[in-house]
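Heads up: the structure comes next, in structure tokens.
The values are calculated or read from the model by the stated rules, or taken from the named source; none is laboratory data. Nothing here was measured: the structure is a model prediction, and the numbers come from that model. Cβ: placed from backbone, ideal geometry, glycine included. Neighbour counts: every protein chain shown. The area values use the complete protein model at the heavy-atom level, side chains included, leaving out ligands, DNA and RNA. Shrake-Rupley method; radii C 1.70, N 1.55, O 1.52, S 1.80 Å.
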Amino acid sequence: MSKLQIAVLFGGASSEHEVSRMSATTVLRAIDKSRYEVTPVGIKKDGSWWLYPGDIGLILDGRWESCPDNLPAFLVPDASVGGLLIRDSDHSDTVKKIDCVIPALHGKNGEDGTIQGLLQLAGIPFVGCDMTSSAACMDKVITNVMLEQAGIPQARFTWLYAYEFQSAPDEAVLKIEKDLGSYPVFVKPANAGSSVGVSKAENREELRAAIAKAAKEDGKILIEENIVGQEVECAVLGNEDDLLASTVGEIAPSNEFYDYEAKYLSGTSGLYIPAHLESGVIETIRSTAQKAYQVLGCSGLARVDFFVRNGSEVLLNELNTLPGFTSISMYPKLMEHEGLSNQELIHRLIQLAVKRMGKGADA
Ligand SMILES: Nc1ncnc2c1ncn2[C@@H]1O[C@H](COP(=O)(O)OP(=O)(O)O)[C@@H](O)[C@H]1O
Ligand SMILES: [Mg+2]
């Protein structure tokens, strides 16, 4: 049987471009080459797409961009094409059929439903949540509202559009104070990731500055009560009601909170599997993770992040539909704990993607 053709997308026009290069490197190294033929496609920060035939080792630091063999590659929405259009050096176009796409992308334009919508139009199976679920999990306000409706506990929250704050800042601040009751509060762009634009505000002045900072990332802003507690994460794999929820991992951020530096740069944040929690609490987290995954319509994979207050109160923080897949990332580590190597995990994710598109699980 011929090998399935897999395209791995990396980079992206996103504030998480660099993180994506790390995730893609892990995926490209781990994927089973005896089963799959892999085409890496790099997306530069300017949004241009390139077929990258070079060495995997040049992806991490961005040197892939200057490889002379890169060719423009286009993903077209036309479902009769079913693949990538590649522009050769003589300007002729050829179609490369693709059986499944792995979007090793994070944040805007990668995890937010945009690329998923394009892949749905193109009729190409892809790893991870569909367009609507990706968009709902990316937008922290939409996520919180859906979780609230489903009765899943979370931090107290309120939200506003940046233009509301800009036109009437005093009223906006008073409303936030009324909704949340006390400082400190956490201010986040509704659509961002990797802690970009997230800050803690101890008072009114800091709240204004935090809103202005978040507004640089997104026009919609979420403000939450500050949760003091443990930060824990659960990895979920599967479609519909056939789900594997991993044990729970705990993060001990090296900085005041789990900011971009603590996540990717300093490498000193602690990671404990399983989390320092009683087994009953771990079970509550696993079942809540599955419920939230289903409420948000997830498929393929998601990492569901929680806070635990006083060792027992479980509060859902967010769902990440394309969680980090670097060598130090929680999702692959949790799955490894469940007995799935990166190679096996990627194989399962491809099967889940193909199955969702109704083309047979064993294709
Ligand atoms: N309500 C909150 N209370 C306390 N800390 C928070 C709260 N919300 C976020 N944080 C801290 O900020 C980090 C980033 O926020 P998060 O909502 O996870 O956004 P991102 O999508 O950027 O990861 C969290 O990992 C946590 O350390
Ligand atoms: Mg987070």
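Within the set of pairs 6 or more residues apart or between chains, which connect a residue that is more than 11 Å from Phe157 (Cα to Cα) inside segment 169-183 to a residue that is modelled with pLDDT of 95 or more and part of a helix (DSSP H, G or I) with Cβ atoms less than 7 Å apart?
Close Cβ pairs satisfying both conditions: Pro169/Arg208; Ala172/Glu164; Ala172/Phe165; Val173/Arg204; Val173/Leu207; Val173/Arg208.
Table: residues versus (1) open to solvent by less than 20 Å² (accessible area, probe 1.4 Å); (2) more than 16 Å from ligand 2 (Cβ to nearest atom).
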{"site": "Pro153", "(1), (2)": "no, yes"}
{"site": "Thr158", "(1), (2)": "yes, yes"}
{"site": "Pro169", "(1), (2)": "no, yes"}
{"site": "Glu177", "(1), (2)": "no, yes"}
{"site": "Ala192", "(1), (2)": "yes, no"}
{"site": "Arg208", "(1), (2)": "no, yes"}
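Quick one: would you say Gly360 is more than 16 Å from ligand 1 (Cβ to nearest atom), at positive phi and modelled with pLDDT of 95 or more? Explain how you work it out, then say what you get.
Numbers: more than 16 Å from ligand 1 (Cβ to nearest atom): yes; at positive phi: yes; modelled with pLDDT of 95 or more: no.
Criteria not met by Gly360.
Give the residue, chosen from Val76, Val81, Val95, Val145, that is outside the structural domain of Arg35 (by TED's automatic domain parsing) and over 19 Å from Leu28 (Cβ atoms).
Going through Val76, Val81, Val95, Val145 in turn, just one is outside the structural domain of Arg35 (by TED's automatic domain parsing) and over 19 Å from Leu28 (Cβ atoms): Val145.
Output yes when any residue across segment 123-133 is within 15 Å of ligand 2 (Cβ to nearest atom) and open to solvent by 10 Å² or more (accessible area, probe 1.4 Å), and no when none is.
So far as segment 123-133 goes, no, none of its residues is within 15 Å of ligand 2 (Cβ to nearest atom) and open to solvent by 10 Å² or more (accessible area, probe 1.4 Å).
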